[in-house]
Amino acid sequence: MIPKSLLLRKHDILFLASILAVLGTFSVLAGGIWDSASHALRIPDNFWTIQHVTVYTSVSIVVLSSLFGVLLSLQNKKMLSSMMILLAGSLLQLGGGYVDYNFHEKYGIDGLVTSSHLTIESGLLLASVGGYLTLAKFGYEKSSKIAPFAIVNILFSATWIAFNLSLLIGATILCIPVYDLFSSGCSVM
């Protein structure tokens with residue numbers, strides 16, 4: 001199914017897939033930050049905002065690149081495991097996105113801490129770790145320019161999920177200032 005000329009350059013194509021996965025995850029984070037900023041500016045929210053489209057287009061790029069990476073690394077167990085982590089994380093994001101879409105359709109605006117958002121954030125963290133592990137397989141020389149993006153992805157996605165989990169613990173105290181920022185977005189649902 002895959003042409004032989006492509007298989008001869010498998011290592012380069014796997015490296016390209018890992019770059020797309022890392023940059024796609026970075027774009028997911030940027031779209032999420034953009035979405036948060038639009039809440040701060042009190043821009044009306046629904047699922048089909050440009051911010052959400054940015055997030056889910058980027059997630060789709062990560063899914064496709066990791067799926068292609070999994071197919072190309074079936075004989076390479078070392079690479080396959082990190083690509084599978086990346087694929088699992090991106091699929092979690094798509095699944096959470098589908099639930100988020102249905103939530104928006106039924107209730108309109110949603111809160112920061114919802115089951116769909118926690119699923120998306122868990123998938124984002126998993127995809128970030130998978131992207132970093134995949135990139136690490138290529139060595140420092142080859143991946144030194146893209147590695148900072150992979151590290152930022154892990155730090156930002158871990159911080160994001162930690163913040164939202166902290167809202168579950170101290171929802172009332174923490175939500176008052178956050179509610180002012182996100183207008184209706186600090187409810188725990």
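Just so you know, all these numbers are worked out from the coordinates, no wet-lab data involved. Just so we're clear, the structure is a prediction, and the values are computed from it rather than from any experiment. Methodologically, a virtual Cβ is constructed for each residue, glycine included, from the backbone with ideal geometry; neighbour enumeration extends over all protein chains shown.
Bridging of residue 145 to lysines at a Cα separation below 17 Å is possible for 137, once same-chain residues fewer than 8 apart are set aside. Highest mean first, the peptides 27-35, 130-138 sorted by other C-beta atoms within 10 Å per residue fall in the order 130-138, 27-35. For the peptides 53-63, 92-102, residues were scored by their other Cβ atoms within 10 Å and the scores averaged per peptide; the highest-first order is 53-63, 92-102. Electrostatic tally near residue 69: other residues with Cβ closer than 15 Å to its Cβ, Lys and Arg +1, Asp and Glu -1, net +4. The local environment of residue 157, defined by Cβ-Cβ distances under 15 Å, has a net charge of -2 under the rule Lys, Arg +1 and Asp, Glu -1. Applied to the range 16-33, the Karplus parametrisation 6.51 cos²θ - 1.76 cosθ + 1.60 on θ = phi - 60° returns per-residue 3J(HN,Hα) values of 4, 4, 5, 5, 4, 5, 5, 5, x, 5, 4, 5, 4, 4, 4, x, x, 5 Hz, with x for Gly and Pro. Which translational diffusion coefficient, to the nearest whole µm²/s, is obtained for the range 50-130 from the Stokes-Einstein equation, given a Kirkwood hydrodynamic radius over C-alpha pairs, 37 °C and 0.692 mPa s? After rounding, the answer is 251 µm²/s. The length gained on full extension between residue 34 and residue 81, counted as 0.36 nm times the residue separation minus their Cα-Cα distance, comes to 13.7 nm. Rounded to the nearest whole Hz, the Karplus-based 3J(HN,Hα) values (6.51 cos²θ - 1.76 cosθ + 1.60, θ = phi - 60°) of the range 81-97 follow the sequence 5, 6, 5, 5, 4, 4, 5, 4, x, 6, 5, 4, 5, 5, x, x, x, with x at glycine and proline. Using the Cβ of residue 137 as centre and a radius below 15 Å, the other residues enclosed give a net charge of +2, where K and R count +1 and D and E count -1.
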